[in-house]
Protein chains: 2
Amino acid sequence: MRMSRLVAPTLREDPAEAEVASHKLMLRAGMIRKVAAGVYNLLPLGFRAITKVTQIVREEMLNSGAQEVLMPTLLPKEIWEESGRWGEYGKELFRISDRHEHEFCLGPTHEEIITSLARDAVKSYQKLPVTLFQIQTKFRDEIRPRFGVMRSREFIMKDAYSFHTSEASLDEEYKNMRAAYSRIFDRMGLNYCIQDADSGLMGGKFSEEFHVIADSGEEELANGKRGIEVGHIFKLGTKYSAKMNCVYIDEENKEQPMIMGCYGIGISRIVAAAIEQGHDKDGIIWPTALAPFKVAVVPVDSKDKEQLETAEKIYRELGSEALLDDRDLRIGVKLKDIDLIGIPVKVIVGPKGLKEGKVEVKLRKSGELSMVPINEAVNHVRNIR
Amino acid sequence: MRMSRLVAPTLREDPAEAEVASHKLMLRAGMIRKVAAGVYNLLPLGFRAITKVTQIVREEMLNSGAQEVLMPTLLPKEIWEESGRWGEYGKELFRISDRHEHEFCLGPTHEEIITSLARDAVKSYQKLPVTLFQIQTKFRDEIRPRFGVMRSREFIMKDAYSFHTSEASLDEEYKNMRAAYSRIFDRMGLNYCIQDADSGLMGGKFSEEFHVIADSGEEELANGKRGIEVGHIFKLGTKYSAKMNCVYIDEENKEQPMIMGCYGIGISRIVAAAIEQGHDKDGIIWPTALAPFKVAVVPVDSKDKEQLETAEKIYRELGSEALLDDRDLRIGVKLKDIDLIGIPVKVIVGPKGLKEGKVEVKLRKSGELSMVPINEAVNHVRNIR
C-alpha cells in the first residue's frame with residue numbers, strides 16, 4: 001500500500017476525547033474514528049490489525065477441531081425467555097421491535113441461540129462432543145462506554161460453545177481450548193496471564209480469564225488488576241441445556257441434557273490491549289504478528305528518482321505486508337508517522353546509503369539499525385521476526 | 001473435515017417453510033437454520049460457502065485498489081438526518097433507542113457514514129480519488145422476508161464507495177469496479193448478465209445491475225426477469241456530499257464537494273443464486289469455486305480397515321478442501337448426502353477398485369466417472385477445475 005493513497009489521517013496532538021494510551025494512539029494513528037459514544041469506524045489500518053487478530057484466532061480454533069458458524073445479530077425475545085435472561089439482562093441489552101412489533105435483542109452473547117441450534121441439529125450421542133465458534137460483532141449498551149475499542153458498545157468477539165455427554169468430556173475440551181488460547185496469545189506475542197474468575201451472568205462452575213498485562217498499569221483501565229481481560233473460558237454445565245430442553249439420545253435410548261462449555265475472546269479489545277502493552281512517546285510498538293503492515297519502505301526524498309525507484313523495487317518484492325511512503329514530505333515528518341503507526345521495520349532509502357549500494361534497516365522496538373546491501377534488503381526484512 | 005463430526009443435519013424431505021429451490025436445498029443440506037422470519041443461523045457448510053464468496057470478493061476489491069474498512073451497525077439518527085434519509089427510508093429501517101434514548105438505525109447501507117468518514121479523513125485533492133469498501137452484515141426490515149438468504153432481514157453485503165474530484169475520475173473508477181465485478185462473477189463460475197437499472201433510493205445518474213441467470217426461471221423469484229440481482233454499481237455524483245458538506249480543498253485552495261460512486265454485492269444472496277443456477281433432483285451442483293468442500297472421500301464400508309485407511313490417506317493429503325465420509329452408514333445413504341450437499345468431486349474407495357489398486361473418481365456435475373490408481377488420486381483431484 002502506498003502511503004500517498006492510504007486513508008490514515010494521523011494527528012499530531014492527543015485528542016481530548018481519549019483517556020488511555022491505546023485510545024489516544026488508535027485515534028492519532030488514524031486507525032479508528034468515533035461515530036457515536038462507544039461506536040467506531042475502523043479505518044484501513046485499524047481493520048488490518050483486527051484482521052491479523054482474527055486470522056490467528058480462526059486458525060487456532062479450526063486446528064483445535066472447532067467448526068465455524070455464524071449466528072444472527074437479531075435474536076428473538078422468545079428464545080431469550082427460555083433461559084430466563086430476557087428479564088435478567090437489564091439495560092445492557094439493546095432491545096428492538098420489528099415492523100410487526102416482534103421483539104428482538106442485538107446479540108451480546110449467543111448461549112441461547114447456540115443451545116437452540118444444538119437442540120435442533122444434534123440428536124445423538126454419536127455426534128458429541130462438538131465445538132462450534134463464530135467471529136462476530138456483538139452489542140452491549142454499556143452505561144459508560146470508554147477507552148475506545150476497549151470498552152465499546154459494538155465490538156468484535158470470537159465466541160465458542162462446546163457440547164458434551166459427560167463432565168470428563170467437557171474437562172477435556174476445556175483443556176483443549178485453554179491450550180488453544182495459550183497458543184493464540186503466544187503467537188500474538190503478548191505478555192499475558194491466566195486467572196481464576198467468577199463467571200458472572202454466564203453461570204457455571206468454573207472459569208478462567210486471560211489477561212494481557214498492561215505495563216502502563218493505568219489504574220482506571222485495569223481496576224487495580226494491572227491486566228486487561230481478553231479471553232474467558234467457562235464450564236457452563238447444564239445451565240442452558242436444562243432450561244432449554246437441549247437434549248441428546250444416549251446409548252440406552254434415553255434423553256439427557258447436553259453438558260456445555262463456552263469460550264470467548266475479545267477480538268477488538270486485543271488490538272487495544274496490544275497497544276497498552278506496546279507503546280512509547282513516539283507511538284505504537286506492535287508485536288510483529290499484529291502490526292497492520294510489517295515494514296515501511298521510506299525514500300528520504302520522494303522526488304529523487306533513484307531513491308524512489310530503489311524503494312519501489314524493494315516495496316514490490318516485499319508484497320502485501322509492505323507500505324511505501326511515497327509522500328512528498330520531509331523525511332522527519334514521514335518517519336514520525338511511521339513510528340506513530342508503529343510499523344515494526346523501516347527500510348530507509350537515502351543518498352548516503354545509495355552511494356554504497358545500501359539501505360538502512362531500522363527496528364521500531366529496539367531502535368537497532370543496520371546498513372544492508374540493496375539486493376539483500378528483502379531477504380533481510382523477511383527474516384526479521 | 002470428518003462427516004462423522006460435521007454439524008450438517010441433512011433432511012430427506014423438502015421443508016414446508018421453503019418455496020424456491022435454493023431455500024429448500026440450503027435447509028436440506030444443513031447449511032442454514034431459521035431463527036426468526038428472515039433471520040438465519042449459518043451452519044458450517046453455509047458459513048464455508050459464504051467464506052468462498054467473501055474471499056473472491058475481497059481479493060478482487062483489494063487488487064483493484066480499494067481499501068478495506070469496517071463501519072458500525074449502529075448508525076446515529078443525526079448523521080441520517082443530514083442526508084434526509086432518516087425521514088425518507090420508512091419501515092424497512094430498523095430503528096432502536098439506547099439507554100439514554102438516543103436514536104440509531106441498524107445500517108441497511110452506509111452512504112451517510114462513509115460520507116461523514118471521508119469528510120473527516122480526506123481533506124485535500126491530493127488524497128483523491130479513493131475507494132473504500134467493507135464486507136458486513138446489513139439489516140432491512142423487509143415486509144415479507146422469503147426465499148431464505150435470498151431476501152432476508154439480516155444479510156451480508158460488500159459495499160464500496162469511491163470519492164473523486166471530477167466526473168472523469170468517477171467514470172474511470174466506475175469502469176474499474178465494473179471490470180472487478182466481472183472478474184468476481186467469472187471466478188465464481190456463475191452465468192450472469194449486466195443490465196441498465198434505475199437507482200432507486202440511492203439516487204444518482206447512472207447505474208447497472210449484475211444478475212445471475214436463474215435457469216430454474218421460477219417466476220415468483222425472478223419477477224419475470226429470470227435473473228437474480230447480486231451486484232449493483234452506481235454513479236452517485238454529489239447527492240450525499242453536497243447535503244453533508246463532504247468537501248475537499250482543490251488546487252486553487254477552494255472547497256469543492258466530492259463526487260461519489262457506490263458499488264454493492266450481495267454476499268449471502270450469491271450463495272442462494274449459485275444454487276438456483278446449479279441444482280438437480282438430487283441436490284446442489286456447486287461451481288467448484290463456491291463449494292463448501294471441493295472433494296468428498298467416501299469408503300464404501302467405513303468399517304473395512306483397508307478401505308478406511310486408504311480413504312484416510314487420500315483425505316489427509318488433500319488437506320482442508322476435503323471431507324471424509326467416515327460415517328457408519330450404507331454407501332447409498334452416504335452418497336445421497338454428498339450429492340445433496342453438492343460436493344463437486346467424489347473419491348469412492350470400494351472393494352472392487354482396491355483389488356486393482358484403484359479408486360473411483362466421480363464428478364457431481366457431469367456424472368463423469370474414472371478409475372484412478374490410488375497413488376495418483378490426489379493429483380488427479382487437484383487438477384480438476
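One line per residue, one yes/no per condition, for (1) at pLDDT below 95; (2) of a type outside the set (A, V, I, L, M):
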| site | (1), (2) |
| --- | --- |
| B:265 | no, no |
| B:271 | no, no |
| B:275 | no, no |
| B:289 | no, no |
| B:299 | no, yes |
| B:302 | yes, yes |
| B:316 | no, yes |
| B:326 | no, yes |
- line: Scanning segment B:40-55 for residues that are more than 7 Å from chain A (Cβ to nearest Cβ) and without any contact (Cβ under 8 Å) to a residue 12 or more places away in the chain, the one nearest to residue B:25 (Cα to Cα) turns out to be B:51
query: Are any of the residues in segment B:366-376 in contact with a strand residue (DSSP E or B) (Cβ under 9 Å, 6 or more places away or on another chain) and closer than 30 Å to residue A:58 by Cα?
result: no
- prompt: Given (1) assigned to a helix (DSSP H, G or I); (2) at pLDDT 95 or above, where does residue A:230 come up short, assuming only one miss?
  reply: (1)
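Assess whether residue B:7 counts as being over 28 Å from residue B:131 (Cα atoms), β-branched (Val, Ile, Thr) and modelled with pLDDT of 95 or more. Outline the logic, then answer.
Numbers: over 28 Å from residue B:131 (Cα atoms): yes; β-branched (Val, Ile, Thr): yes; modelled with pLDDT of 95 or more: yes.
The answer is yes for residue B:7.
Quick check on residue B:131: is it surrounded by fewer than 21 Cβ atoms within 10 Å (Cβ to Cβ), within 11 Å of chain A (Cβ to nearest Cβ) and not basic (Lys, Arg)? Step through it out loud before you land on a result.
On the way: surrounded by fewer than 21 Cβ atoms within 10 Å (Cβ to Cβ): no; within 11 Å of chain A (Cβ to nearest Cβ): yes; not basic (Lys, Arg): yes.
No; evaluated as a whole, the condition is false for this residue.
Looking only at segment B:158-175, which residues are out of contact with any Phe, Trp or Tyr (no Cβ under 7 Å at 6 or more places or on another chain), within 14 Å of chain A (Cβ to nearest Cβ) and not hydroxyl-bearing (Ser, Thr, Tyr)?
Just the residues of segment B:158-175 that are out of contact with any Phe, Trp or Tyr (no Cβ under 7 Å at 6 or more places or on another chain), to begin with: B:161-164, B:166-175.
Now drop any that are not within 14 Å of chain A (Cβ to nearest Cβ), which leaves B:161-164, B:169, B:173.
Correct list: B:163, B:164, B:173.
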- prompt: Does segment B:1-39 hold any residues that are β-branched (Val, Ile, Thr) and away from chain A (no Cβ under 11 Å), and which are they?
  reply: B:20
- prompt: Which pairs have Cβ atoms under 7 Å, sit 6 or more apart or on different chains, and link a residue in segment A:83-100 that is facing another protein chain (nearest Cβ under 9 Å) to one that is in a helix (DSSP H, G or I) and among the hydroxyl-bearing types (Ser, Thr, Tyr)?
  reply: none
- request: Kindly indicate the residue of segment A:1-33 that is within 18 Å of the chain's Cα centre (by Cα) and within 13 Å of residue B:121 (Cβ to Cβ) and also surrounded by the most Cβ atoms within 10 Å (Cβ to Cβ) among those meeting that condition.
  value: A:31
task: Take segment A:376-385 and flag every residue that is within 17 Å of residue A:309 (Cα to Cα) and in contact (Cβ under 8 Å) with a residue 12 or more places away in the chain.
output: A:377, A:378
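Criterion first (of a type outside the set (Val, Ile, Thr), under 26 Å from residue B:12 (Cα atoms) and crowded, with 19+ Cβ neighbours inside 10 Å) does residue B:269 satisfy it? It would help to see each step written out before you state the result.
Values: of a type outside the set (Val, Ile, Thr): yes; under 26 Å from residue B:12 (Cα atoms): yes; crowded, with 19+ Cβ neighbours inside 10 Å: yes.
Considered against the rule, which asks whether it is of a type outside the set (Val, Ile, Thr), under 26 Å from residue B:12 (Cα atoms) and crowded, with 19+ Cβ neighbours inside 10 Å, residue B:269 comes out as yes.
Can you tell me which residue in segment A:134-157 is nearest to residue A:266 (Cα to Cα), limited to those that are of a type in the set (Lys, Arg) and within 14 Å of another protein chain (Cβ to nearest Cβ)? Lay out the reasoning, then the answer.
Here is the first cut: in segment A:134-157, the residues of a type in the set (Lys, Arg) are A:138, A:140, A:144, A:146, A:151, A:153.
Applying the additional criterion that residues be within 14 Å of another protein chain (Cβ to nearest Cβ) yields A:138, A:140, A:144, A:153.
Working: A:138: 10, A:140: 13, A:144: 18, A:153: 13 Å.
So the residue we want is A:138.
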field: Pairs where the first residue, in segment B:335-364, is in the same structural domain as residue B:46 (by the TED database) and the second is aromatic (Phe, Trp, Tyr) and crowded, with 20+ Cβ neighbours inside 10 Å, C-beta under 8 Å, 6+ apart
entry: none
task: Only residues that are under 25 Å from the mean Cα position of the chain (by Cα), more than 8 Å from every other protein chain (Cβ to nearest Cβ) and not in a loop (DSSP other than H, G, I, E, B): list them for segment B:63-82, please.
output: B:63
Which listed residue, of B:167, B:154, is on the phi < 0 side of the Ramachandran plot, out of contact with any Lys or Arg (no Cβ under 8 Å at 6 or more places or on another chain) and among the acidic types (Asp, Glu): B:167
- prompt: What residue, among those in segment B:156-194 that are acidic (Asp, Glu) and under 15 Å from the mean Cα position of the chain (by Cα), is surrounded by the fewest Cβ atoms within 10 Å (Cβ to Cβ)?
  reply: B:186
message: Given the criteria out of contact with any Asp or Glu (no Cβ under 8 Å at 6 or more places or on another chain), modelled with pLDDT under 95, at positive phi and assigned by the TED database to the domain that holds residue A:260, does residue A:84 qualify?
response: no
task: Exactly one condition in (1) surrounded by fewer than 19 Cβ atoms within 10 Å (Cβ to Cβ); (2) under 23 Å from the mean Cα position of the chain (by Cα) is not met by residue A:95; state its number.
output: (2)
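The values are calculated or read from the model by the stated rules, or taken from the named source; none is laboratory data. Just so it is clear, the structure is predicted and the values come from calculations on it, not from any experiment. Positions of Cβ are generated from backbone atoms using ideal geometry, with glycine treated the same way; all protein chains shown enter the neighbour counts.
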